[in-house]
Structures are given as C-alpha cells and as structure tokens.
1. Keeping to the stretch 176-196, report how many residues are buried (at least 16 other Cβ atoms within 10 Å of the Cβ), among the polar types (S, T, N, Q) and over 24 Å from residue 361 (Cα atoms).
2. Taking the stretch 438-477, which residues are without any contact (Cβ under 8 Å) to a residue 60 or more places away in the chain and among the basic types (Lys, Arg)?
3. Restricting to the stretch 228-264, name every residue that is exposed (fewer than 14 other Cβ atoms within 10 Å of the Cβ) and touching a residue at least 40 places away in the same chain (Cβ under 8 Å).
4. Any residue in the stretch 340-347 that is modelled with pLDDT of 80 or more, closer than 18 Å to residue 179 by Cα, under 40 Å from the mean Cα position of the chain (by Cα) and among the aliphatic types (A, V, I, L, M)?
5. All but one of (1) touching a Ser or Thr at 6+ places or on another chain (Cβ under 9 Å); (2) more than 24 Å from residue 371 (Cα to Cα); (3) at pLDDT 85 or above; (4) not polar (S, T, N, Q) hold for residue 48, so report the exception by its number.
6. Show the residue pairs that are 6+ apart or on different chains and have beta-carbon atoms under 7 Å apart, the first residue being within the stretch 701-725 and small (Gly, Ala, Ser), the second being in a strand (DSSP E or B).
7. Within the stretch 665-681, does at least one residue satisfy the condition of being hydroxyl-bearing (Ser, Thr, Tyr) and in contact with a Pro (Cβ under 9 Å, 6 or more places away or on another chain)?
8. Please state which one of 43, 59, 50 is more than 23 Å from residue 354 (Cα to Cα) and assigned to a loop (DSSP other than H, G, I, E, B).
Amino acid sequence: MRILYITGSYLPYLSGVTISIRDFKQELEKLGHEVVLLAPFAPGYKDIEPGVVRYPSLPLPFFPDLSIPLPFLSSWILRRLFKEKFDLVHVHHPFYIGSFAAFVASLKKIPLVYSFHTRYDSEFLGFFRWRFVKKFIVNWVNRFCRRAELIIANSKFTEKYLREKDKSLSLVVIPNGIKKLAPSKLSKKDFLKNHDLPENAVVCLSVSRLSREKNLELAIKAFSLLPENYFLLIIGSGFHEKKLKELAEHLKLASRIKFLGKQSHEELNQSYQNADVFVYPSYSETQGLVVFEAGSFGLPIVTVDSDLCGEVFCPEIKDLASFDFTGFAKAIEKASLISKENSNAIKLWAERFTTESLAKKLLQEYRKTVEIYDLNRTGWQSWSVAQDSWLRFPKNRFNPLSRNNYELAIKNIPPQKKKITGWNSWNAFGFDVSEEKIIKQADWIKQNQEHLSLEYVVIDDGWTRWGDWLAEDRKKFPQGLKKVVEEIKQKNLKPGIWLAPFLVEEKSELFQRRQLWLAKYKDGPISGLQMVPIVESLSLFMPEIGRYLADIKKIEVWNYIFKSVDYLLSDLGFELIKLDFLFSPYFYPGINSREASKAVRKLLTYIKEKYPKVFVIGCGCPLGDGIGLVDAMRIGPDVLAGPFFNRFTFPINRWKVKKIAENIAKRKWTKKFWLLDPDAFVCRRGVGLTEREILSLQNSIKEADGLVFLGDDLTQLKQKEIEKFIKPLFR
C-alpha cells in the first residue's frame with residue numbers, strides 16, 4: 001500500500017503522538033509498504049528517515065516546540081499530492097491540519113483515517129478554560145470524526161467515549177505501540193551516583209510533557225507524605241514546568257524532586273531500568289505510551305483511578321490506582337515493595353503493545369477500509385447504478401443514513417462456492433407464478449439437460465403475500481410448496497425460493513393480525529413503498545398494494561423471521577434462498593448505520609451458520625453488509641421492469657441492459673467477496689429488446705463470469721433463440 005500520513009507535529013518535538021507516528025511508519029515500511037509523511041517545517045532539523053516531506057509552518061507563541069501548520073501555502077506540495085497516487089490518508093489531528101487532510105482525501109477520492117489521541121473536553125486542558133471555547137472545540141472534533149471513514153481509538157474506554165458521542169462512527173481499537181527497548185548497561189549504583197542520589201534511594205520516575213493536563217501536582221504533593229529516601233525524577237519539558245518547580249519549592253521538596261528535562265533514548269532506557277516505581281497521574285490521556293514503556297521493564301506503575309486504568313492497564317497496575325495525593329503516596333510505598341512475580345506479569349502485559357505486532361493489525365484495518373470505501377463508491381446497494389450524489393432519486397438507490405458501515409470483518413471471507421446456473425420465475429411470469437408453471441419449466445430443463453446444464457429452479461416473488469412466509473398461496477400451489485420441492489428434486493434439480501424478510505404487504509394476514517409487529521412512526525406503520533419505487537407509484541391508484549416495514553427492534557419479529565427461514569430451508573428443503581430488499585432496516589426512523597447494518601448481518605449470519613450448504617443470493621443488499629455472508633450478490637438492476645411486461649416498459653428495459661453492462665464493468669473486481677449475479681438472461685420477443693441489445697446482455701453475463709440464470713418461459717422459446725442466444729452462455 002501507499003499511505004499518506006499528515007500530522008501537525010513531528011520530530012524533533014517529542015511526545016507520545018510523534019513517537020507513535022514515527023514507530024508505526026517504520027514498522028509499516030518494514031512490512032513492505034510506502035509511507036509519505038507530511039509534517040511541519042522544523043528550523044535547524046534535518047530528517048534522516050526517508051519519506052518525510054516538510055510543509056510551511058509558523059512557531060506557535062508561548063509553545064516553541066509546536067507550530068501553526070500552513071500546508072496550503074506550498075504550491076509544490078499541493079502539486080505533488082495531486083500528482084501522486086495514495087491508497088488512503090491517515091491524519092493525527094482534527095483541526096486545521098485535519099481539514100487539510102479531509103480536503104486531500106476528498107480530492108483524491110480515497111478514505112480518511114483519523115487517530116483520536118486527545119480528549120478535548122478534559123477539565124485539565126486549561127487553555128480551553130472558557131466554556132464557549134471548549135464547546136466550540138468539542139463540537140469541531142465531533143464533526144470531524146463524522147468525516148472520517150475510520151477512527152482509530154487507542155483504548156476501549158476511548159472507543160466507548162466516542163460511541164456515546166455518535167453511535168454511527170466507525171471505530172477500531174489499536175493502541176499506540178512501543179518499540180522493544182534495549183536494556184541499559186548502566187548499573188543501579190552508577191545511576192544513583194550520576195543523579196546524586198543515596199544508595200538507599202527509592203527512585204520514582206515520571207516521563208511526561210510538563211503541561212497542566214498531566215496532573216503532576218498530584219505526584220509532587222504525594223511526596224510531602226513519603227519518607228526522605230523517596231525521590232522523584234521528572235523527565236520532559238513544557239510550559240507548566242515553572243509552576244511545578246515552584247510547587248516543589250513551596251513544599252520544600254526541591255532536593256527530592258529533580259527535573260531532568262529532555263533525555264536521549266539511551267538515557268531514558270537507563271532511567272526505566274534503574275527506577276523502582278513509575279508514576280503516571282494524568283487524567284486526560286486516551287492512552288499512556290510511557291506506561292507501556294515502563295511496563296516493559298517490569299516497573300510497578302502508580303496511576304489515578306481513571307477509565308484508562310480500568311479498561312487498559314493490567315491488574316497489577318489497577319491495584320495501585322488512587323484518587324488523591326494521600327492515597328497516591330500510600331500507593332507509591334506499596335509499589336516499591338512489589339514482588340518479582342508481579343513485576344514479570346507487568347512485563348508480559350506490556351509485550352502486547354509493541355508496534356511490531358500492532359502495525360500488522362493496523363495494516364489489516366487499512367486494507368479493509370480501502371476495500372469497503374472502493375466498494376461503496378460503486379453504489380450503496382445491489383441496484384445502485386451510481387455513487388452517492390446530491391440528487392437522491394430514487395430513494396432506495398441511496399443510503400438514507402448518509403453513512404456507510406466500515407466495521408465489517410472482511411479478513412476471514414469463507415471460500416467461495418462454485419458458480420451455479422439455473423432458471424428464475426420472476427422475469428418470465430412476475431407475480432403470476434404457479435405450481436403448474438414451475439413444474440413445466442423443471443420438465444423442460446430435465447429434457448434439455450444434455451445441451452443446457454441448468455441446476456436450480458428458483459421460485460421468485462408471487463408464491464405468497466409479503467409477510468405470510470409460513471403459508472404459501474394455495475390457489476397457486478394447491479399441493480403446497482413441499483410437493484413442488486420434491487418434484488424438482490426428483491428431476492435431479494435443486495429448488496430455490498425468494499424472500500423479502502423485512503417487509504409486509506397490507507393484504508397479508510400478518511398485517512391484519514400483528515399490527516404490533518410493524519414499525520411505527522407518528523402512530524402509523526412505516527411505509528415500505530419508498531423501498532419499492534414501482535409499487536410506490538402504483539399505490540397512488542391502488543392503496544391496497546402497500547408494503548410496510550417490520551419492527552426489527554422487536555424480538556418477536558426476529559423470532560418470526562428466523563422461523564420463516566427454518567420453514568423454507570429445513571421443513572420444505574429449499575437449497576437456495578434469494579433474499580430481497582435487504583436494505584429495508586436502513587429506513588427505520590432514528591436508526592444509525594451501525595444498527596441497520598447489524599440487523600442485515602444478523603439475518604445473513606443466522607442463515608450462514610445454520611445452513612452452510614444453502615446457496616445465498618443477496619439482492620437489494622447494502623454491499624458492505626453482505627461481505628463474507630452471501631455466496632452471490634446482485635450487482636445491478638433487474639433486467640426487465642416487472643411485473644408488467646408490456647410496451648410501456650420497453651424503453652426502461654433497454655436502459656436496464658445498458659446499466660447492467662456499466663455495473664459489471666464497475667463492480668467486476670468485487671468477485672473477491674462473492675460470485676457476481678448480473679440477473680437473469682432474457683431473449684424472448686415482446687420485451688422490447690433488439691437483437692443487438694440481447695447480444696449485449698449475453699456478453700455482459702459472460703463478462704461477469706458468475707451466476708448464469710435464464711428468465712424466459714423456456715417452453716415458449718424457439719430453437720433458433722436457444723441456439724443463438726442461450727447456448728453460448730454455457731460454452
């Protein structure tokens with residue numbers, strides 16, 4: 001992959017963020033990927049590592065180590081970004097530089113990934129002391145999070161915090177990793193001598209930026225209650241250093257609290273190895289990188305009782321947590337007596353956070369995000385023929401929630417089933433399907449199997465009223481579907497069935513008897529007509545053909561849906577199921593994309609796990625939700641404008657043939673996820689297709705190299721049509 005990192009701070013400025021960026025960049029490069037890093041200009045500093053590009057910046061008043069990023073002022077950087085190809089943009093700050101990163105991602109049409117490093121609503125961020133400023137900043141960050149395709153939270157409690165802000169955000173937890181630190185050769189005796197400490201000194205260590213939110217006052221005050229042989233070494237610098245020194249002087253602790261400033265990696269390793277206790281009193285962190293570094297040396301860690309401590313740190317650390325400086329002092333004394341067993345446990349815990357292992361997980365998330373982004377750019381669901389646009393018509397072609405779901409496990413896609421062939425009733429008969437017609441088609445297929453290798457006979461819409469999935473229409477199927485299934489199997493063919501699990505029609509018994517099972521909005525059922533455009537138009541003249549959304553938040557509805565699936569696949573024995581209008585949950589009022597996606601995948605997972613041998617076709621399915629759960633995915637519109645096949649639909653049919661070709665060209669690469677279903681092939685007269693258009697449809701289906709299903713009344717086809725149009729599909 002080629003990854004563009006954009007950051008508002010980088011080396012030589014040292015912080016947990018800059019070190020994490022450097023380490024992940026290096027590990028990704030070791031794995032064979034290229035990382036281009038845009039960072040602010042640093043006067044007098046020369047980059048040694050490759051791939052670092054510096055953009056113009058201005059020093060930030062009162063914060064000499066930080067700068068104001070000005071990437072827009074560099075025309076050559078903008079030209080380079082426009083010219084070069086990247087797979088994604090990963091930004092580490094949400095403000096001005098975040099807006100720039102979002103601009104680049106939008107311009108390059110690639111996903112935006114954002115690492116959430118800091119909680120800006122923390123009471124310790126003193127520079128946001130005015131309420132209206134803090135509110136503005138927090139709202140800005142929340143809006144920026146919604147712009148990202150993926151947010152990387154570095155702890156579970158951060159994920160929880162962000163999820164409470166917006167349930168629709170796409171999140172993954174990847175801690176900021178640490179590099180394996182080399183042990184120091186400096187002895188404890190020499191270390192104490194170098195820092196003018198007595199031989200009986202208990203050395204407490206803090207590694208931190210010296211700023212208000214780090215809460216170092218708590219540690220300093222705690223030392224006023226500790227014995228004289230307890231010393232605190234503070235490594236780091238920052239604008240709050242003067243006040244901390246004044247506090248130490250005021251408490252008469254200046255001789256026991258030493259401010260060491262910035263240190264080299266070698267000096268830092270010496271401090272970690274020879275310290276007795278590590279203190280970490282910060283409240284505002286989303287994750288403490290230095291805690292993992294200290295833990296890798298087996299140091300006991302004294303911290304505050306925070307969300308981070310509760311959800312990230314190991315038990316040996318959590319036992320030492322405290323609220324106030326009195327308790328903090330007691331915890332330091334307890335930590336200095338830690339056993340070797342607990343010290344080893346802390347070492348093992350810290351090993352989980354090396355950048356070497358975490359970079360591999362990050363790379364998996366990168367690939368997943370790129371694939372889902374590319375998938376969604378081809379359209380939202382099966383029938384979408386264009387990517388999202390400002391003209392959202394017809395409604396069912398576009399995600400009503402304006403967001404896509406990126407939290408999908410696509411790394412473990414099961415092996416694909418073999419390509420299948422068959423016949424489907426919809427384009428031949430529409431709603432006017434019957435037992436007699438199905439058996440006639442099965443007979444014809446059996447008689448012609450020597451020349452046409454068809455496997456499945458699929459009964460599409462019309463076999464019952466929508467919602468009455470446990471009772472077939474006995475006027476159409478007088479002997480019942482069970483008998484039809486048996487006859488199909490007797491002819492060495494496989495039966496398939498159609499199902500729209502989330503929708504109910506007004507004429508169904510379910511609608512009449514189970515009103516409480518319907519999703520309600522403003523005291524009425526939610527019209528599903530917006531999901532079925534043709535029905536929506538006709539309903540103006542025929543209100544009785546309405547479709548309504550089942551309440552997917554009721555357990556009774558799910559029990560009924562599962563029972564219906566069991567009836568069709570277990571009791572009746574169908575070997576293929578075509579699931580239609582699977583995007584319906586996205587139209588549930590007040591739902592978010594994560595919840596809607598979960599509902600779709602809940603159904604698909606149930607079928608996949610309970611009926612692994614059944615062939616599953618997703619139709620009207622949000623593309624991302626079907627990954628790893630459907631065997632085949634419809635990748636375009638119906639080939640004919642059913643259910644009324646007459647001259648009024650001829651222009652629409654011609655348009656659909658063109659769109660099928662366009663969608664195959666756009667979505668052919670998605671065969672890595674599923675077999676492609678371009679819909680059934682038709683070649684009969686009376687649907688308005690010219691010979692040239694029929695041959696174009698034939699070529700599209702061959703190009704898809706997936707499912708091959710026929711959609712005509714096979715018994716009415718002429719031999720000339722079979723020879724010219726159908727047989728080439730099977731060669």
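1. 1
2. Within the stretch 438-477, 446, 465, 474, 475, 476 qualify.
3. Of everything in the stretch 228-264, just one residue is exposed (fewer than 14 other Cβ atoms within 10 Å of the Cβ) and touching a residue at least 40 places away in the same chain (Cβ under 8 Å), namely 262.
4. Checked the stretch 340-347: at least one residue is modelled with pLDDT of 80 or more, closer than 18 Å to residue 179 by Cα, under 40 Å from the mean Cα position of the chain (by Cα) and among the aliphatic types (A, V, I, L, M).
5. (1)
6. What qualifies is 704/676; 706/632; 706/675; 706/676; 706/677; 711/424; 711/681.
7. Step one: list which residues in the stretch 665-681 are hydroxyl-bearing (Ser, Thr, Tyr), which gives 670.
Still in the running and in contact with a Pro (Cβ under 9 Å, 6 or more places away or on another chain): none.
Taking every residue of the stretch 665-681 in turn, none turns out to be hydroxyl-bearing (Ser, Thr, Tyr) and in contact with a Pro (Cβ under 9 Å, 6 or more places away or on another chain).
8. On the way: 59 fails: assigned to a loop (DSSP other than H, G, I, E, B); 50 fails: more than 23 Å from residue 354 (Cα to Cα).
From the options 43, 59, 50, the qualifying one is 43.
The values are calculated or read from the model by the stated rules, or taken from the named source; none is laboratory data. Just so it is clear, the model here is predicted, and its values are computed rather than measured. Here the Cβ is made from the backbone with ideal geometry for all residues, glycine too, and neighbour counts use every protein chain on show.
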